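The values are calculated or read from the model by the stated rules, or taken from the named source; none is laboratory data. Predicted model, so just to flag it, every value in this text is computed and none were measured. Note that we place each Cβ from the backbone using ideal geometry, even for glycine, and neighbour counts take in every protein chain shown. Keep in mind that these areas ignore ligands, DNA and RNA; they rest on the heavy atoms of the full protein, side chains included. Shrake-Rupley method; radii C 1.70, N 1.55, O 1.52, S 1.80 Å.
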Amino acid sequence: GFAQYFHTSGRNIIDPNGNTFEIKGNDLSHWNNTEAYSLRLNAVHSRHIGSESSIKTRIQEIVGVTNAAKFWDTFSANFIMGEDIAGFAAEGFNTIRFSFNYRLVSPEDTPGVYSPEGFAFMDQVVDWCKANNLSVVLDMHACPGGQSHDGPSDPEWTYWYYNADVTNWLETGVACLWALDTNYYAATGRTPAFNKQRMADIWQTIADRYKNEPAILGYELINEPWLPTGVTSNDLRALLMNVTAAIRSVDAHHMIMVEGDQFSGSLAGLVPPWD
């Protein structure tokens, strides 16, 4: 029944045993959405956007395809391990937020195709957390197209512009989850509407996989969006409602967690609740 899952009651979160639950969380950021500041790359490469894709491209250019693959396999296997999860539990945490790049479960250039290896990785995280009585928030940290112009959203299209303040060219991203970019469209054939539907499809696939998993605290649909000019909180709300509906078609129980515009600095569009 409903009570075996985390759910809300008024302003409280209720755990599967019916007790009020206060999140004491740790975020496994950087593990599956590598960012330049975490690798201390900003100081020497501050002109680059520093997204996971740009970092991976640059490492591959330096050491080649085979060595780059070996590096990332080693990184993924060692950055967080089962004993680390046990250590977080021993320190008093009760929740792990697993930040993931959508590319973990669906490769960028093959929409509609899913990665068994990526899902096995996610399963491993959930299993480790369950073994240590930790709940899990699944956080889509980088969404199809990119939910902001900034590196953490790993936007699929970037360009260079001249910045007079630093008298140099700087790289910036396009939030292609929201904005139609003609060059991006010419290269990929993907539009904001396509990326939004892809986001809903991925979340539906994830929810279908974990619908019966009581260790999942909730699905965090989108990390830190930043709506470009001309896009409003109505657009954000519409997307979040559509993704929620896709999840609810397969999973009636798990909590939905949302963030607002301006890197979640704004509540516009988030109230009143739709679910």
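Computed values, structure above
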| item | result |
| --- | --- |
| Single residue of segment 144-159 satisfying the filter (surrounded by fewer than 24 Cβ atoms within 10 Å (Cβ to Cβ) and not acidic (Asp, Glu)) that is farthest from the chain's Cα centre (by Cα) | Tyr159 |
| Strands (runs of 3 or more DSSP E) wholly inside segment 133-176 that include at least 2 residues being of a type in the set (Ser, Thr, Tyr) | 157-163 |
| Test set (1) crowded, with 17+ Cβ neighbours inside 10 Å; (2) at pLDDT 95 or above - Asn183 fails condition number | (1) |
| Failed criterion for His141 (all others in (1) in contact with a Ser or Thr (Cβ under 8 Å, 6 or more places away or on another chain); (2) closer than 21 Å to Ser54 by Cβ; (3) open to solvent by 40 Å² or more (accessible area, probe 1.4 Å) hold) | (3) |
| Positions within segment 93-113 being over 20 Å from Lys56 (Cβ atoms) and open to solvent by 40 Å² or more (accessible area, probe 1.4 Å), in sequence order | Phe93, Arg97, Gly112 |
| Some residue of segment 219-242 being surrounded by fewer than 17 Cβ atoms within 10 Å (Cβ to Cβ) and more than 27 Å from Tyr184 (Cα to Cα) | no |
| Residue within segment 215-222 that is farther than 23 Å from Gly151 by Cβ, within 16 Å of the chain's Cα centre (by Cα), of a type outside the set (A, V, I, L, M, F, W, C) and part of a strand (DSSP E or B) present | yes |
| Residues being in contact with an Asp or Glu (Cβ under 8 Å, 6 or more places away or on another chain) and either hydrophobic (A, V, I, L, M, F, W, C) or without any contact (Cβ under 8 Å) to a residue 12 or more places away in the chain (or both) - total across segment 115-139 | 3 |
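Okay, residues lined up against (1) over 22 Å from His149 (Cβ atoms); (2) in a helix (DSSP H, G or I); (3) open to solvent by less than 30 Å² (accessible area, probe 1.4 Å); (4) at pLDDT 95 or above:
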site	(1), (2), (3), (4)
Ala3	yes, yes, no, no
Asn17	yes, no, no, no
Ser29	no, no, no, no
Asn32	no, no, yes, no
